[in-house]
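Structure first, then comments.
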Amino acid sequence: MTLKLRELSLKPDLFGSGHGLCAGCAEPTSVRQILAALENPPVVALATGCLEVSTTRFPDTSWKVPVIHSAFENSATTISGVEAAYKALVRKGRMEARPITFIVFAGDGATYDIGFQWLSGALERGHKFIYICLNNEGYMNTGIQRSSATLLGAWTTTTPTGDVRPGKAEWHKDMTRIIAAHGIPYVAQAASHNWKDLMTKVRKAEQADGPAFINVLTPCDRGWRFEPDQTMEVSKLMVEAGLWPLYEVVEGKWKMTGGARKRRPVIDALLSQKRFSHITKNPNSSVVDEIQRMVDADWDSLQKLCAMSAAD
């Protein structure tokens, strides 16, 4: 699939300026890329979160497409209802069939935690929509609390650091693999800095015959503690260190999309974020070694899945 950059540059901007998202936030960049990649007019279900509260402040909105605000948990169910209503209206002759892309934007808290059962049900029922998880590894909108997407060892306001506890004590949930286990047509991981990879995956998701899911790493400078002008560099480091591998699962076939370069040590990515400073500056901490061990294990498992798919 070839993306024509000139063609994309001439498309109207469906996400306007004037929003209240933080300087350095990766979410508006990714949203613009995603909307620009779509070939059909979108209808958006928007879960409560940073993106929603900062782009829909009454009486203004940054959205130039139809948007439905859902609660934290039920955006997948909302878009399922919209898609089902559209099909029913067409079937009854009350509406002409036309190309529409139904799409959800939700954060990791709304996806990994609060809304998981709603999302799982919508995928199992086979509704045709794209679910975009804008993953900044925490409940940033409500005060930088941990989610099940938060990395081991990270500081958040609910995983404080000190002599007793070195940040978050648990490994993060592998949501992308959990979604892939639903057997839906298209699943992928992408990152904000790699626009071509992300937009290509959006096109594939739009063309999928059924539900699609893309987990997009969107670093948060406020919650991760880095300077606003370093957002894309931090995103790149996370991918290069294997903390966020880029891959896709197409009809059950696993494939890496982020190149085959040698991975950087995880410490390179951790040093770019002050949320890990309590472990990177502590010579007695074993947490960095544990993160590296877990990343190595997950990477090896992913490579085996890709190799098995390539051999089929």
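Of note:
- Model label zone, V53; criterion: amide N under 14 Å from point 7 Å along Cα-to-beta-carbon; scope the stretch 152-171: none
- Top positive-direction residue, dipole computed over the stretch 5-311 with Cβ charges, set W118, P211, M294: P211
- Of the residues K173, K128, K201, the one that moves most in a GNM of the chain with alpha-carbon contacts below 10 Å is K173.
- All aspartates and glutamates inside 19 Å of K4 as judged from Cα atoms, apart from same-chain residues fewer than 8 positions distant: D13, E39, D197, E206
- Per residue, the chain reaches -11000 deg cm²/dmol at 222 nm when only DSSP H runs of four or more residues are counted, each adding -39500 (n - 2.57).
- Between the alpha-carbon centres of the stretch 163-214 and the stretch 64-139 there is a gap of 16 Å.
- Label-point separation, L271 to T157 (7 Å along Cα→Cβ), nm: 3.1
- Computed over the chain with a Gaussian network model linking Cα atoms closer than 10 Å, the most mobile of N215, N284, N74 is N284.
- Checking the Cα-Cα distances for K204/K281; K92/K253; K201/K304; K168/K236 against a 32 Å cut-off, the pairs over it are K204/K281; K92/K253.
- Local electrostatic count, W155, Cβ distance below 15 Å [Lys/Arg +1, Asp/Glu -1]: +4
- Prolate/oblate/rounded label for the stretch 6-127 (Cα gyration tensor, a/c 1.5): oblate
- The mean sequence separation of alpha-carbon pairs under 8 Å and at least six residues apart, normalised by the residue count of the chain, gives a relative contact order of 16 percent.
- Ranked by how many other beta carbons lie within 10 Å on average, peptides 5-17, 107-119 from highest: 107-119, 5-17
- The alpha carbon gyration tensor of the chain gives principal lengths a ≥ b ≥ c with a/c of 1.5 or higher and a/b greater than b/c, which makes the shape prolate.
- Taking amide H atoms as placed 1.01 Å from N in the peptide plane, the amide H of A191 lies under 5 Å from those of L198, L217, each 5 or more residues away in sequence or on another chain.
- DSSP bridge pairs, the stretch 5-311: antiparallel proportion in percent, nearest 5: 30
- For E248, neighbours were defined as the other residues whose beta-carbon sits under 10 Å from its Cβ, and their charges (Lys and Arg +1, Asp and Glu -1) total +3.
- Taking a sphere under 15 Å around the Cβ of N74 and counting the other residues whose Cβ falls inside, with K and R at +1 and D and E at -1, yields a net charge of -3.
Quick note: the coordinates plus some simple rules give every number you see, no bench work behind them. Computed from a predicted structure; not experimentally measured. Positions of Cβ are backbone-derived with ideal geometry, glycine not excepted, and every protein chain shown enters the neighbour counts.
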